[in-house]
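As structure tokens, the structure follows; a few thoughts come after it.
The values are calculated or read from the model by the stated rules, or taken from the named source; none is laboratory data. For clarity, every value in this text was computed on a predicted model and none was experimentally measured. Methodologically, a virtual Cβ is constructed for each residue, glycine included, from the backbone with ideal geometry; neighbour enumeration extends over all protein chains shown.
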Amino acid sequence: MNARTHSEMVGFIWSICNLLRGPYKRNEYRKVILPLTVLRRFDCVLAPTKQAVLDAYGKYAKQSESLRHEMLKRAAEQAFYNTSRLDFQLLLDDPNLVAQNLNAYIAGFSPNVREIMERFEFGAQIARMDEKNLLFQVVRSFASLDLSPTRMDSSQMGYVFEELIRLGAEQANEEAGEHFTPREVIRLMVSLLLTSEADLAKPYVVKTVYDPACGTGGMLSEAESFLRRHNEDANPRLFGQDWNDDAWSVCRSDMLIKNHDADRIILGDSFTADGYSGWTFDYMLANPPFGVEWKQQRWFIENERDTQGANGRFEAGLPRVNDGALLFLQHMLRKRQPVEPDGSGGSRIAIVFSGSPLFTGDAGSGESNIRRWIIENDWLEAIVALPDQLFYNTGISTYIWVLTNRKDDRRRGKVQLIDGRQFSEKMRRSLGNKRNELSSVQIDDLTSILGNFADGETCDITDEDPVTHQPRTQPRVVSKVFANEDFGYHKITVERPLRLSFAATPERIGRIESESAFVKLATSKKDPGPAHDAEIVKGELRQQQLRDLLDALADRTAGQLIADRDEFLARLRLVEESLQIRLTAAERRAVIAALGERDSGAEPCHGKNGHEPDPRLRDTETVPLKEDVDEYMRREVLPHVPDAWVDHSKTKIGYEIPFNRHFYVYEPPRPLQAIEADLKTLESEIAQLLTEVTS
């Protein structure tokens, strides 16, 4: 099916919504369109074997249910069947009974199809349309559609389903990207994942493919198509899970039509109700929703982390609650097959992320710890930056991560970054936010770049010259290879000593009145009464003692500036002894705070383990993991602040992947003449507009 035919088919189906206007709001159209499209597809697929199924139904009517079920599937040549004599054309024979007959027709399907229609909650829509006298017209419109496999194969039908879901989600102001991914992006993911697999050509090879956020099943379908194109005897087994009812119903329908085991498509939340706990798979693909919070699943996820540790899925850490993308990756990594001693086994993973998982989170955060866990275990093979505006629901930058636990020898300890941001073509017509697409040639090129594994590989890239605004073609680096450690860093805490000078001047002595420890002395916690009053009096007497002590200190020091805290404390103790006053720790801190000021010329204050750090002067530095921290300090810090030191107890290891930094393309500033020419053009245009307005 060409793009125009595909567009026309979707347009025709969606135009049926015009019949629903009035009784249905725009955000409700999909409640009718999706289930009827699925139902009509089933109807067309079963049409060639309709009579054979009816004959088998009569022949095996008295047999056991399990035997009858198997014989009916065999007669239908599908994993499902319908025993009703009705079909979409016969439903039109009696307009007055179309609701009753449509319900009977649905009831005639095998249990696996009935479950799908129940999940669509289509029975309620039949009653609603019948009440508003819409049902016959809508069914008649769908009966005119030819959705037979000879007209539309499974891949083409998948496009139609996905486009209908996108349109329905737009009308409901939902995120369509939660349900499906553009097919050319999926093809790239599958190509990156499977092209290097040498054993795919083995006779009758069995491969398992899993998607924990399968949506309508596009990734599973493309993986199957790839495997069969390279080996027609391959036996791919597809597994998926999704918690969106509409997407799950479409995916399960697709699996039924393809004679796959539809029970392998599970409805539910992959985090809280993992349908494949304990399973492992050869290949895994996913496009988890971008920036979707996991607040609803938080208790379950944190409980698994705390109780199962390394035996659970989330041992590495948890990302911030407003983006659960990295949770999906940990979930998938838990389902890898082990690598056998002979090198067989293992798994490969491809997952689509926004830019956030590359760098969000400081050292020690959940995101950074997850990246560290992945990279230090040498599971990250490559990251491919995609062009913007590829997805229907977002124009943000996206990336494909490729991971495996059985890297080739040449890739061990290394990560390849591929800049594919210029590998796209403009679409003739935008679809939502999708304005760009990947061609087959570009998919092949990016796959080849991954296979080449060359540091510094270049491609001729055509873009717009920022000066002339004309197309230009020039070589640009599209592949770089890094050691795993290149993405790691030490976040060190640089301390400097606290330096205080002291003086018992009237101004500083007056500050004691606002110190909390001093104020609390005359604050009673008791209820009003004699005890309360006595406590207040006692506190006020203590406050006066402190005032007297500070006045005595002022007399002894004569307002002298003391640039050493140890010396100041020694003089303070002498005054305490002479007045026979013993300060509490809190009172002594209050005196130090009142009479002391930071002074860069003062002596460092001493603590238990050397100099006491000044929190106000505390700073952090990021030191590449490969670099010696002491050498970094000698070169970058100590020449400027010689008294600084590193508090190694606070050092954290972090990991980030600053993709843009590695592929930054410098563009020289535009010539002054070009800027002046543009300004003159703008001035002329503004003058023309003003003339038109005033005339």
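Some values worked out for this structure:
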| quantity | calculated |
| --- | --- |
| Count of the range 343-359 residues which are closer than 20 Å to THR208 by Cα and surrounded by fewer than 21 Cβ atoms within 10 Å (Cβ to Cβ) | 4 |
| So THR181, is it crowded, with 19+ Cβ neighbours inside 10 Å, in contact (Cβ under 8 Å) with a residue 60 or more places away in the chain, hydroxyl-bearing (Ser, Thr, Tyr) and in contact with a Gly (Cβ under 8 Å, 6 or more places away or on another chain) | yes |
| Members of the range 153-171 that are at pLDDT 80 or above and in contact with a Phe, Trp or Tyr (Cβ under 9 Å, 6 or more places away or on another chain) | PHE161, LEU164 |
| Hey, TRP279 modelled with pLDDT of 90 or more, among the aromatic types (Phe, Trp, Tyr) and out of contact with any Lys or Arg (no Cβ under 8 Å at 6 or more places or on another chain) or not | no |
| Cross-chain or 6+ apart pairs with Cβ under 6 Å, the range 570-588 first and within 16 Å of ASP551 (Cβ to Cβ) and in contact (Cβ under 8 Å) with a residue 12 or more places away in the chain, then outside any loop (DSSP other than H, G, I, E, B) and polar (S, T, N, Q) | ILE581/GLN545 |
| Residue within the range 80-95 that is small (Gly, Ala, Ser) and in contact (Cβ under 8 Å) with a residue 40 or more places away in the chain present | no |
| One residue from ASP619, ASP614, ASP647, ASP643 being loosely packed, with under 15 Cβ neighbours inside 10 Å, more than 30 Å from GLU376 (Cβ to Cβ), touching a residue at least 40 places away in the same chain (Cβ under 8 Å) and in contact with a strand residue (DSSP E or B) (Cβ under 8 Å, 6 or more places away or on another chain) | ASP643 |
| Answer from SER221, SER253, SER270, SER277 - the residue that is buried (at least 19 other Cβ atoms within 10 Å of the Cβ) and within 24 Å of GLY324 (Cβ to Cβ) | SER270 |
| Among (1) under 12 Å from HIS490 (Cα atoms); (2) touching a residue at least 24 places away in the same chain (Cβ under 8 Å), the one test that ASP630 misses | (2) |
| Helices (runs of 4 or more DSSP H) contained entirely in the range 607-695, each with at least 3 residues that are modelled with pLDDT under 95 and under 36 Å from the mean Cα position of the chain (by Cα) | 659-662 |
| Filter result for the condition that a residue is more than 52 Å from the chain's Cα centre (by Cα) and either at pLDDT 95 or above or among the aromatic types (Phe, Trp, Tyr) (or both), over PHE482, PHE487, PHE502 | PHE502 |
| Residue satisfying all of: in the range 291-332; among the aromatic types (Phe, Trp, Tyr) and surrounded by fewer than 20 Cβ atoms within 10 Å (Cβ to Cβ); nearest to ILE351 (Cα to Cα) among these | PHE300 |
| Filter result for the condition that a residue is under 30 Å from TRP243 (Cβ atoms), modelled with pLDDT of 95 or more and touching a Lys or Arg at 6+ places or on another chain (Cβ under 9 Å), over ILE116, ILE126, ILE106 | ILE106 |
| Flag for THR208 being touching a Cys at 6+ places or on another chain (Cβ under 7 Å) and among the polar types (S, T, N, Q) | no |
| Pairs with Cβ under 9 Å, 6+ apart, first in the range 358-370 and free of Cβ contacts under 8 Å to residues at least 24 places away in the same chain, second in a loop (DSSP other than H, G, I, E, B) and buried (at least 22 other Cβ atoms within 10 Å of the Cβ) | none |
| Inter-residue pairs, beta-carbon under 9 Å, first in the same structural domain as ALA594 (by TED's automatic domain parsing) and touching a residue at least 24 places away in the same chain (Cβ under 8 Å) and in the range 532-560, second buried (at least 16 other Cβ atoms within 10 Å of the Cβ) and aromatic (Phe, Trp, Tyr), 6+ apart | GLN543/PHE518; LEU546/PHE518; THR557/PHE502; THR557/PHE568 |
| Residues satisfying the stated conditions in the range 360-417, i.e. surrounded by 17 or more Cβ atoms within 10 Å (Cβ to Cβ) and among the polar types (S, T, N, Q) | THR360, SER365, SER368, ASN369, GLN389, ASN393, THR394, SER397, THR398, THR404, ASN405, GLN416 |
